[in-house]
């Protein structure tokens, strides 16, 4: 199942995604490292390495720096700057998969969803 929700507050999202306690707890359980900047867009803006709170907040607020200079994404409406920070996407297995893994001890199903 895939769920989408609009990120409504840049500051709250930056705090949530960069919280060291939350990240350490989550990533330790998953056996993964914290988020890193990847892709051509990040490279064009000189974003490299681990994602830091300040750089993330700047991106979520729509501030970008590229070959054409510094600019802010969004539009002005009725005297107010409007910009959507982004979308949060959550991917999770259906309940039936969890039941197969936990109740029926299906290790092959668990392995298939560990990607």
Practice prompt. Give segment 36-51 a look and list any residue that's surrounded by fewer than 15 Cβ atoms within 10 Å (Cβ to Cβ) and either within 20 Å of residue 6 (Cα to Cα) or in contact with a helix residue (DSSP H, G or I) (Cβ under 8 Å, 6 or more places away or on another chain) (or both), or say none.
Written response: 48
Worksheet item: Restricted to segment 62-81, and to residues that are on the phi > 0 side of the Ramachandran plot and within 23 Å of the chain's Cα centre (by Cα), which residue is surrounded by the fewest Cβ atoms within 10 Å (Cβ to Cβ)?
Response: 74
Worksheet item: Within the set of pairs 6+ apart or on separate chains, which have a first residue in segment 63-76 that is in contact (Cβ under 8 Å) with a residue 60 or more places away in the chain, a second that is exposed (fewer than 13 other Cβ atoms within 10 Å of the Cβ) and part of a strand (DSSP E or B), and C-beta atoms under 7 Å apart?
Response: none
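No lab work stands behind these numbers, since they all come straight from the coordinates. These figures come from a predicted structure and were not determined experimentally. Please note: Cβ atoms are built from the backbone with ideal geometry, for glycine as well, and neighbour counts cover all protein chains shown.
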